[in-house]
Amino acid sequence: MRIVVDLSRCEGYAQCAFLAPDAFRMHGEEALMYDPNPDDSRREQVLRAAAACPVQAILVDQLEGRDVPVEASTS
């Protein structure tokens, strides 16, 4: 699994850090740090984190044959 976060869009709401702390972490109050290639066992957490992002800054792309990028949604 691959994660890309548009850091120019991220406003530091930290919803992702609460939902997938192994993949996303806040450094200070506004700087997001993330693992761009988290273990696939974290997939559900990462997808929930991406969906919860209020500014839709997180993109999740699977590289395992299902090469369709999944853009975070609020549904």
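The values are calculated or read from the model by the stated rules, or taken from the named source; none is laboratory data. If you're wondering where the values come from, they're calculated on a predicted model, not measured in any experiment. Neighbour counts run over all protein chains shown; Cβ positions are idealised from the backbone, glycine included. The protein model used for the area step is the full one, side chains on, heavy atoms only, and it has no ligands, DNA or RNA in it. Shrake-Rupley method; radii C 1.70, N 1.55, O 1.52, S 1.80 Å.
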Exercise for the section: Determine whether region 47-54 contains at least one residue that is in a loop (DSSP other than H, G, I, E, B), open to solvent by less than 70 Å² (accessible area, probe 1.4 Å) and touching a Leu at 6+ places or on another chain (Cβ under 9 Å). Expected result: no
Exercise for the section: Give, as residue ranges, the strands (runs of 3 or more DSSP E) completely inside region 1-40 that count at least 2 residues that are free of Cβ contacts under 8 Å to residues at least 60 places away in the same chain and open to solvent by 100 Å² or more (accessible area, probe 1.4 Å). Expected result: 24-27
